[in-house]
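No value in this document is a laboratory result; all are computed from the given coordinates. Please read these numbers as outputs of a predicted model, since none were measured by experiment. Note: ideal-geometry Cβ built from the backbone for every residue, glycine included; neighbour counts use all protein chains shown.
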C-alpha cells in the first residue's frame, strides 16, 4: 500500500511564518526555524518553504533563511518563491533544498521546468499551482493564478498540470485558492481530477481544518500527500494526532515520532 505523506507548509513573509485566508489577510504564525525544528521532532514527512512575496516583489528568495531551516531538519525540504532561473534553483539546491517548486516563473517561461528537471531530475522539480474557481460568461472554470494569487493567467488548471508533467515536473502541489485558509476541507473534486489527469504525485493544499479533511483528500481526492498549515502552526491538530487518526482509518502513513 502506498504510504501517504503529511507535509507542513511554511509561508514566509518578511522572515516570519504567516497564514492567511485565500492568500490574503495574513497573521503571524511564528518563527520559521523554530517551527521547522518542531515539525522535525513531531515526525512530519516533508517540509515546504514558500517565500510568498518574492515573486510579487520581484526579488530573490531568502536563501539565508533556507540555510537556517535546513540546519535543524533531516526531512526533505521543498523551496519555492522567487525562483526565476536555473541558477536560482542551483543555489537553493546547494543551500540544502531537496526539491524546487516553480509557480509564476514556470507559467511565464515553461522551459524552466525542463531546464531544472534536466539538471536535477524530475524528482527535484515541483510545479506549484495556485488554482482558482472563477466564473466566466456564466460558466465556472478552473484557472491558474500567479504572483502570489494576484494575477489571473487564463490558463486551464488541468491542461497546465498535464503540460508541466510533459516538461519534466515530477510532482504537483495543487493549492486551491477558494479553499485556502477556510478550514472547511480540501477541494476534493479538483484534487481528484488533477490526480487522475497526471502520472506524477499530487500534493493537496488549501482547506485543511481537521484530520477528517486530510483523510478525505487522501482517499476521495486521490492525493498522494496532504499539505497543511494552520492546523499544525497553531497546534489545533498536531501531526501525531493526524497520523494516528489516519492509521486508525486504514490510511497508510509513516507513524509520527510522538505516537
The chain: most fluctuating residue of 137, 178, 156 per GNM, C-alpha cutoff 10 Å: 137
Cα-based convex hull volume of segment 121-180 per residue, rounded to whole Å³: 82 Å³
Between segment 121-191 and segment 71-85, the Cα center-to-center distance that results, in Å: 20 Å
Value of relative contact order over segment 5-248, rounded to a whole percent, pairs C-alpha under 8 Å and six or more apart: 17 percent
Listed residues 101, 87, 205, most fluctuating in the chain (Gaussian network, C-alpha, under 10 Å): 87
Value of D in µm² per second that Stokes-Einstein yields for the chain, Kirkwood Rh from Cα pairs, at 25 °C (0.890 mPa s): 137 µm²/s
Two-site label geometry, residue 94 and residue 64: point separation in nm, points 7 Å out along Cα→Cβ: 1.8 nm
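Only bridges whose two residues both fall in segment 67-220 count here: according to DSSP, what percent of them are antiparallel, nearest 5? Walk me through the numbers before you get to the answer.
On the way: 10 of 26 bridges.
Of those bridges, close to 40 percent are antiparallel.
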Cα convex hull volume per residue for segment 37-143 (Å³): 128 Å³
For segment 145-208: rounded, prolate or oblate by the Cα gyration tensor [a/c cutoff 1.5]: oblate
DSSP-defined antiparallel bridges as percent of all bridges, the chain, nearest 5: 35 percent
Fluctuation leader among 212, 33, 202 - the chain, Gaussian network, Cα springs under 10 angstrom: 212
Cα-projected label distance for residue 75 with residue 87, points at 7 Å along beta-carbon direction, nm: 3.4 nm
